[in-house]
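Working notes, structure below.
Just so you know, all these numbers are worked out from the coordinates, no wet-lab data involved. Nothing here was measured: the structure is a model prediction, and the numbers come from that model. No Cβ is skipped: glycine too gets one built from the backbone with ideal geometry, and neighbour counts run over all protein chains shown.
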Amino acid sequence: MNTCSNIILVGTLAANSVKYYIQKENGQVKKAMNQYLRQQADILIEQEETSQKILKYLLLQPSFLNDKTLIEAIIPIGKDGLLAALWRLGQEGRLGMNIYLDDIKVLQEVIEVLEIAGLSPYEADSDGCLLVCSANGYYLTKLLEQKQITAAVIGYLKNSNDRVIISGESRRFLTRPDKS
């Protein structure tokens with residue numbers, strides 16, 4: 001990874017948490033949802049499962065993996081959420097980063113379901129989503145979107161220790177995730 005690498009979020013952030021709270025937890029979250037939100041969440045779950053199958057296929061293609069400018073690093077987001085994955089990325093690469101919160105696509109259905117569950121989409125289980133580092137981030141994003149895979153450049157790596165989250169005029173530092 002180098003300091004000109006874009007950081008790309010691949011997949012639907014927190015969709016796995018939505019799936020968990022809809023299908024598990026004794027249906028408490030689902031009971032609190034209106035009919036429209038239930039339908040939208042069910043569609044989201046179905047779309048995300050299809051998207052993950054396509055993503056796994058694409059990442060196994062030699063044309064993607066052999067081009068080191070296209071994919072320099074892949075970090076699974078996992079159950080600890082996006083912010084924890086960003087922290088791991090910074091630690092592993094020993095680099096700083098600027099992350100633009102406004103560029104992170106979070107579906108309204110995800111926000112509403114997680115609000116009922118009392119969770120932030122940035123800290124919720126996003127198993128199946130990936131952070132990808134690429135010197136050609138916008139090109140890679142277009143390739144993934146052509147295959148109906150949600151992808152967006154959300155920031156870039158930089159040669160410092162600062163891991164900055166930017167939202168509009170507000171700037172804050174990414175903090176080490178709790179290991180509770």
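Here are a few things to note about the model shown:
So that you can scan it fast, the table gives a plain yes or no per residue for (1) closer than 17 Å to residue 6 by Cα; (2) among the hydroxyl-bearing types (Ser, Thr, Tyr); (3) crowded, with 18+ Cβ neighbours inside 10 Å:
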{"site": "142", "(1), (2), (3)": "yes, no, no"}
{"site": "146", "(1), (2), (3)": "no, no, no"}
{"site": "150", "(1), (2), (3)": "yes, yes, yes"}
{"site": "154", "(1), (2), (3)": "yes, no, yes"}
{"site": "160", "(1), (2), (3)": "yes, yes, no"}
{"site": "163", "(1), (2), (3)": "yes, no, yes"}
{"site": "170", "(1), (2), (3)": "no, yes, no"}
{"site": "173", "(1), (2), (3)": "no, no, no"}
{"site": "176", "(1), (2), (3)": "no, no, no"}
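- Qualifying residue in the range 91-101 (condition: without any contact (Cβ under 8 Å) to a residue 40 or more places away in the chain and either in a strand (DSSP E or B) or not charged (D, E, K, R) (or both)): yes
- Selection of the range 85-106 for residues being within 11 Å of the chain's Cα centre (by Cα) and among the hydrophobic types (A, V, I, L, M, F, W, C) yields 85, 86, 104, 106.
- Total residues in the range 117-168 satisfying the condition of being in contact with a Ser or Thr (Cβ under 7 Å, 6 or more places away or on another chain), part of a loop (DSSP other than H, G, I, E, B) and of a type in the set (Phe, Trp, Tyr): the figure is 0.
- Answer residue from the range 102-129, given it is closer than 20 Å to residue 141 by Cβ, in contact (Cβ under 8 Å) with a residue 60 or more places away in the chain and not hydrophobic (A, V, I, L, M, F, W, C) and is surrounded by the most Cβ atoms within 10 Å (Cβ to Cβ) among those: 126
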